[in-house]
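Trainee: Shown below is the structure under consideration.
The values are calculated or read from the model by the stated rules, or taken from the named source; none is laboratory data. Predicted model only: the values in this text are computed from it and were never measured. All Cβ positions, glycine included, derive from the backbone under ideal geometry; neighbour counts span all protein chains shown. Areas reflect the complete protein model, heavy atoms only, side chains present, ligands, DNA and RNA absent. Shrake-Rupley method; radii C 1.70, N 1.55, O 1.52, S 1.80 Å.
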Number of protein chains: 4
Amino acid sequence: MSHPQIPPAPAMLPEWQVGTWLNAPQPLTLQGLRGKVVLLHAFQMLCPGCVAYGLPQAERVRKAFAATDLAVVGLHTVFEHHAVMGVEALRAFVHEYRWRFPIGVDDPDGLGGPSLTMARYGLRGTPSCLVLDRQGHVQLHHFGPIDDLVLGALLGRLIAGPAPHGEANGKANGAALEEGAVCTPAGCGAVPTHR
Amino acid sequence: MSHPQIPPAPAMLPEWQVGTWLNAPQPLTLQGLRGKVVLLHAFQMLCPGCVAYGLPQAERVRKAFAATDLAVVGLHTVFEHHAVMGVEALRAFVHEYRWRFPIGVDDPDGLGGPSLTMARYGLRGTPSCLVLDRQGHVQLHHFGPIDDLVLGALLGRLIAGPAPHGEANGKANGAALEEGAVCTPAGCGAVPTHR
Amino acid sequence: MSHPQIPPAPAMLPEWQVGTWLNAPQPLTLQGLRGKVVLLHAFQMLCPGCVAYGLPQAERVRKAFAATDLAVVGLHTVFEHHAVMGVEALRAFVHEYRWRFPIGVDDPDGLGGPSLTMARYGLRGTPSCLVLDRQGHVQLHHFGPIDDLVLGALLGRLIAGPAPHGEANGKANGAALEEGAVCTPAGCGAVPTHR
Amino acid sequence: MSHPQIPPAPAMLPEWQVGTWLNAPQPLTLQGLRGKVVLLHAFQMLCPGCVAYGLPQAERVRKAFAATDLAVVGLHTVFEHHAVMGVEALRAFVHEYRWRFPIGVDDPDGLGGPSLTMARYGLRGTPSCLVLDRQGHVQLHHFGPIDDLVLGALLGRLIAGPAPHGEANGKANGAALEEGAVCTPAGCGAVPTHR
């Protein structure tokens, strides 16, 4: 008699710890975004790869999808050069580069290490890209650049998925990423589950 | 007394009229591709926009998705300079640029006008991009460049859609393109329906 | 009795006012660079055009020419967001982006306006690009992006020009920029001459 | 007893063998271009590197310099796929891509090998780029892509060089390319000298 094989429950993220928001009239919460697909872009303002690839891609995503379907959220996750990447520096950076999506300043650990949410989410560096489905399940947990086609395909699939209160949720969204997707099990596995 | 509003049935394409295939061991048919999402890229080998944008994008799509989910098909739809874009010229072009997806040579009309399938499909020029869902419904009918994110989102949604023998097909796939999609009603409306 | 028409003497720059140097074992002076062609790139670390175009071009120039012929010098000319573009912020920026050429921190005016050398050189904004010939004459005084071909042509011509102690200097190097050059009379005219 | 070291005379090109010209009211000759710097761009219309890099660069050069100083000349040097890169095919290609500089069709050898001028000039493939100074000396003989800055520097230097009837010609123009230049001695040495 064999035990049934049960797929692992999709990872859920705990709430971020953000003291200051830019481009947002009021603080955002993961709970408040439930029902939308969420692209969470973790960056540092002095990270060349973020400036050249990650942030412009986040801005393109914001423009390509309806705000009712998808939310783009930036997260300033500082883990180096803390003294020169504070809130005022970030504010000038956002102003000059004209990023339009909401950006949360991840709370520092106060010890010069990675910021708090960065550590809790198991992010390996910047740029990192997390994608949550409408139920809040982590569907992508990626460090480094990611191709527009691949990211677009994932977002398109998730946007078409069931709304959070539908009964058939589990089936479609529990599906693992297809071959060729960039989510490493190791990376996703490091994410603390919400409970 | 009002008539009920019935959404128009999704357009189906008639079979292409292709006498010669490159990069294919045997002729492809739309019917034979049923069950897969299909990206049909119509181009001319001397069309600058095709060489710079359309064909490289088709190649990127081929690499980004599993061949079991999606088929990329090129269609050489000549409507000008017929004498110098014949099969042998195309063969040299494909060899030098190393395109790997199957390419069909659309049959000429013999009168110097647009090739036969190009006319039947209502293509306005090159590059044109058509996307069919697993049931063969036209979900995109686009002339000109299209963004990787937008195209990726559509392909990702359709790949996740139901297989052709599922009963719930009509619902998900009959949905019109969302706001912001590039399929112009005029363009799609020009597509002859199958039977 | 008519006065003879004498062409205006080529503009000479006064020394910059730089308190801190990065990527340089000791302070650089214009006088000390005499004999080489000099590309002076004025930028701000939070200026998107500088990060995307100006600084990478300065780095390409550094690599394309022999250090015995040409010196690339960066000048951090802050005129806004002073509080977050101090020396330590610049140091982190230079470290992360791996700029290799010497960069001088232009002295602030202490009043929140353009830095001192920026004002004295009549720079209109960032990125600005000044090119000096081997004698120190200003041959280009340009605000905004400039094409690699055009910049390369000017540098190649000046590098081939006479060394500073040759007697025939004036002739070749006093020549105005050819048609199509980007130095605006207004901009150049604002440059104070060196006694 | 030592022999004096005499630098090798700069290579001169024999006239090209071109039966048909596009974008030119009448045939061009090297002799007729004497006095201008000449950028000779050898390409094939089905060569991806030519279409992506070489031809656009030639067009940029044409726009960046005064026609009285520099002539850009294309040379269609076919060495493969002869049947599909004839004059009519080239004409359609030039029309569609809107190349504006004169293009000569290098005479074929009639045996399916490299075209005649290509062989006489010792070109290794396409794209190839030759630069002649105002006296007609070969100053660059390069196969493959070449950086805009490096090419611009060479052109700027040569344009500033003496006109063909000046007595001081030899000195400036006989100078070898500086360190970092792309002309390989082997490549240049393969060029047949005139006379």
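Trainee: Based on what the data block shows, is C:Pro8 out of contact with any Pro (no Cβ under 7 Å at 6 or more places or on another chain) and modelled with pLDDT under 95? Outline the logic, then answer.
Mentor: Values: out of contact with any Pro (no Cβ under 7 Å at 6 or more places or on another chain): yes; modelled with pLDDT under 95: yes.
Judged against the criteria, C:Pro8 is a match.
Trainee: Looking at C:Ala52, C:Ala42, can you tell me which residue is crowded, with 22+ Cβ neighbours inside 10 Å and of a type in the set (Gly, Ala, Ser)?
Mentor: Numbers: C:Ala52 fails: crowded, with 22+ Cβ neighbours inside 10 Å.
Criteria check complete, one pass: C:Ala42.
Trainee: Would you mind stating whether A:Arg157 is among the charged types (D, E, K, R), modelled with pLDDT of 95 or more, out of contact with any Pro (no Cβ under 8 Å at 6 or more places or on another chain) and open to solvent by 40 Å² or more (accessible area, probe 1.4 Å)?
Mentor: no
Trainee: Could you list all residues from segment A:84-109 that are assigned to a loop (DSSP other than H, G, I, E, B) and farther than 17 Å from A:Gly32 by Cβ? Before you say what the answer is, go through the steps one by one.
Mentor: Looking only at segment A:84-109, we keep the residues that are assigned to a loop (DSSP other than H, G, I, E, B), and these are A:85-86, A:98-102, A:107-109.
A:Met85, A:Gly86, A:Arg98, A:Trp99, A:Arg100, A:Asp107, A:Pro108, A:Asp109 - these are the residues of segment A:84-109 that are assigned to a loop (DSSP other than H, G, I, E, B) and farther than 17 Å from A:Gly32 by Cβ.
Trainee: Here's something else I'd like to know. Report whether or not A:Gly86 is away from every other protein chain (no Cβ under 11 Å), without any contact (Cβ under 8 Å) to a residue 12 or more places away in the chain and open to solvent by 20 Å² or more (accessible area, probe 1.4 Å).
Mentor: Working: away from every other protein chain (no Cβ under 11 Å): no; without any contact (Cβ under 8 Å) to a residue 12 or more places away in the chain: yes; open to solvent by 20 Å² or more (accessible area, probe 1.4 Å): yes.
It is false that A:Gly86 is away from every other protein chain (no Cβ under 11 Å), without any contact (Cβ under 8 Å) to a residue 12 or more places away in the chain and open to solvent by 20 Å² or more (accessible area, probe 1.4 Å).
Residue by residue, here is whether (1) under 15 Å from D:Leu46 (Cβ atoms); (2) open to solvent by 60 Å² or more (accessible area, probe 1.4 Å) holds:
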position	(1), (2)
B:Ala11	no, no
B:Lys36	no, yes
B:Arg60	no, yes
B:Phe93	yes, no
B:Arg100	no, yes
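Trainee: Pairs only if they're at least six apart or on different chains, beta carbon under 7 angstrom, first in segment C:19-40 and under 22 Å from C:Leu154 (Cβ atoms), second assigned to a loop (DSSP other than H, G, I, E, B) and modelled with pLDDT under 95; list them, first residue then second.
Mentor: Listed pairs, sorted by first residue: C:Arg34/C:Pro164; C:Gly35/C:Ala163; C:Gly35/C:Pro164.
Trainee: If only one of A:Leu151, A:Leu116, A:Leu132 is hydrophobic (A, V, I, L, M, F, W, C) and either at pLDDT below 95 or under 24 Å from A:His82 (Cβ atoms) (or both), which one is it? Can you show your working first?
Mentor: Numbers: A:Leu151 fails: either at pLDDT below 95 or under 24 Å from A:His82 (Cβ atoms) (or both); A:Leu132 fails: either at pLDDT below 95 or under 24 Å from A:His82 (Cβ atoms) (or both).
When all the criteria are applied, what remains is A:Leu116.
Trainee: Which of the following residues is at negative phi, at pLDDT 95 or above, of a type outside the set (S, T, N, Q) and within 18 Å of the chain's Cα centre (by Cα): B:His95, B:His141?
Mentor: Working: B:His95 fails: within 18 Å of the chain's Cα centre (by Cα).
Just one listed residue meets the conditions, B:His141.
Trainee: Is there any pair with a first residue in segment B:131-147 that is over 14 Å from B:Ala160 (Cα atoms) and a second that is among the polar types (S, T, N, Q) and assigned to a loop (DSSP other than H, G, I, E, B) whose Cβ atoms are under 9 Å apart and which are 6 or more apart or on different chains, and what are they?
Mentor: B:His141/B:Thr184; B:His142/B:Thr184; B:Phe143/B:Thr126; B:Phe143/B:Thr184
Trainee: Looking at segment D:55-83 only, could you name the residues that are assigned to a helix (DSSP H, G or I) and at the interface with another protein chain (Cβ under 7 Å from one of its Cβ atoms)?
Mentor: Within segment D:55-83, the subset assigned to a helix (DSSP H, G or I) is D:55-64, D:82-83.
Residues satisfying the conditions are D:Arg60, D:Val61, D:Ala64, D:Ala83.
Trainee: Collect the residues in segment B:17-52 that are within 15 Å of the chain's Cα centre (by Cα) and among the hydroxyl-bearing types (Ser, Thr, Tyr), keeping them in residue-number order.
Mentor: Matches in segment B:17-52: B:Thr29 only.
Trainee: Follow-up question, since we're still on this one. What's the number of the condition B:Gly187 fails, among (1) at pLDDT below 95; (2) more than 14 Å from chain A (Cβ to nearest Cβ); (3) open to solvent by 10 Å² or more (accessible area, probe 1.4 Å)?
Mentor: All conditions pass for B:Gly187, except number (3).
Trainee: Quick check on segment D:102-117: of everything there that is in contact (Cβ under 8 Å) with a residue 40 or more places away in the chain and aliphatic (A, V, I, L, M), which residue is most open to solvent (accessible area, probe 1.4 Å)?
Mentor: Once the filter is applied, the top-ranked residue is D:Leu116.
Trainee: Here's something else I'd like to know. Out of all the residues in segment C:115-128, is one or more assigned to a loop (DSSP other than H, G, I, E, B), under 30 Å from C:Pro162 (Cβ atoms), within 14 Å of chain A (Cβ to nearest Cβ) and touching a Leu at 6+ places or on another chain (Cβ under 9 Å)? It would help to see each step written out before you state the result.
Mentor: To start, the set of residues in segment C:115-128 that are assigned to a loop (DSSP other than H, G, I, E, B) comprises C:115, C:121-127.
With the extra rule that they be under 30 Å from C:Pro162 (Cβ atoms), the set shrinks to C:121-123, C:127.
This time we only want the ones that are within 14 Å of chain A (Cβ to nearest Cβ), so: C:127.
Keeping just the survivors that are touching a Leu at 6+ places or on another chain (Cβ under 9 Å) gives C:127.
Yes, segment C:115-128 contains at least one residue that is assigned to a loop (DSSP other than H, G, I, E, B), under 30 Å from C:Pro162 (Cβ atoms), within 14 Å of chain A (Cβ to nearest Cβ) and touching a Leu at 6+ places or on another chain (Cβ under 9 Å).
Trainee: I would also like to ask the following. How many residues, within segment D:65-74, are more than 14 Å from the chain's Cα centre (by Cα) and surrounded by 20 or more Cβ atoms within 10 Å (Cβ to Cβ)?
Mentor: Keep residues of segment D:65-74 that are more than 14 Å from the chain's Cα centre (by Cα), which gives D:65-69.
Retained after the next criterion (residues that are surrounded by 20 or more Cβ atoms within 10 Å (Cβ to Cβ)): D:65.
Selection size over segment D:65-74: 1.
Trainee: Exactly one of these conditions fails for C:Gly49: (1) modelled with pLDDT of 95 or more; (2) more than 22 Å from C:Leu132 (Cα to Cα); (3) in a loop (DSSP other than H, G, I, E, B). Give me its number.
Mentor: With (1) modelled with pLDDT of 95 or more; (2) more than 22 Å from C:Leu132 (Cα to Cα); (3) in a loop (DSSP other than H, G, I, E, B) applied to C:Gly49, the lone miss is (3).
Trainee: Go through segment A:40-54 and give me each residue that's within 11 Å of another protein chain (Cβ to nearest Cβ) and out of contact with any Pro (no Cβ under 6 Å at 6 or more places or on another chain). It would help to see each step written out before you state the result.
Mentor: Residues of segment A:40-54 that are within 11 Å of another protein chain (Cβ to nearest Cβ), as a first pass: A:44-52.
Result: A:Gln44, A:Met45, A:Leu46, A:Cys47, A:Pro48, A:Val51, A:Ala52.
Trainee: Now for a different question. Kindly evaluate C:Gly110 against the criterion of being away from chain A (no Cβ under 14 Å) and at pLDDT 95 or above.
Mentor: Numbers: away from chain A (no Cβ under 14 Å): yes; at pLDDT 95 or above: no.
Answer is no for this residue.
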